[in-house]
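Asks: I'd like to ask some things about the structure below.
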Amino acid sequence: MSFATRLKELRIARGQSLQQVADGVQTSKTHIWDMEQGNSANPSRELLERLATHFRVSVSDLIGENPNAESEPSELVALYRDLKSLSEKDRKTIEAVMRSLKSTKD
């Protein structure tokens, strides 16, 4: 699936307008439209990262180049990306919460 198609599908699946996506990633509505139409084939890396964060998917999934995309939900990939930006202390806190949640499932 092309980047243009994936971008449009993500936007529609989340019920967002072109303007809402543009506002979310700090670009113009026209630029989002051009990308969805395949008229802007080379978005910047920064914009790709903002789009991936906005839609909670990996950049690889967004551009259709993740060979493992089918085996991992894109929400988990985005969560992992978010975890990497936290401090060690915060990651340990989240790890403790996860252990606690897992122990209550048993």
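The values are calculated or read from the model by the stated rules, or taken from the named source; none is laboratory data. Bear in mind the structure is a predicted one, so any value in this text is a computation, not a measurement. Here the Cβ positions follow ideal geometry from the backbone for every residue, glycine too, while neighbour counts run over all protein chains shown.
Asks: Only one of (1) loosely packed, with under 15 Cβ neighbours inside 10 Å; (2) modelled with pLDDT under 90; (3) assigned to a loop (DSSP other than H, G, I, E, B) fails for PRO43. Which number is that?
Replies: Here PRO43 clears every test but (1).
Asks: When you go through (1) under 18 Å from GLU75 (Cα atoms); (2) touching a Ser or Thr at 6+ places or on another chain (Cβ under 6 Å); (3) small (Gly, Ala, Ser) one by one for ALA22, which number turns out not to apply?
Replies: Tallying (1) under 18 Å from GLU75 (Cα atoms); (2) touching a Ser or Thr at 6+ places or on another chain (Cβ under 6 Å); (3) small (Gly, Ala, Ser), ALA22 fails exactly one: (1).
Asks: Ok, one more. Yes or no: ALA78 modelled with pLDDT under 80 and surrounded by 12 or more Cβ atoms within 10 Å (Cβ to Cβ)? Before you say what the answer is, go through the steps one by one.
Replies: Values: modelled with pLDDT under 80: yes; surrounded by 12 or more Cβ atoms within 10 Å (Cβ to Cβ): yes.
For ALA78, the condition - modelled with pLDDT under 80 and surrounded by 12 or more Cβ atoms within 10 Å (Cβ to Cβ) - is met.
Asks: Limited to the stretch 1-19, what total is found for residues that are over 17 Å from VAL57 (Cα atoms) and not in a loop (DSSP other than H, G, I, E, B)? It would help to see each step written out before you state the result.
Replies: Within the stretch 1-19, the first condition is being over 17 Å from VAL57 (Cα atoms), and the residues that meet it are 17-19.
Of the ones still in play, those that are also not in a loop (DSSP other than H, G, I, E, B) are 18-19.
Of the residues in that region, 2 qualify.
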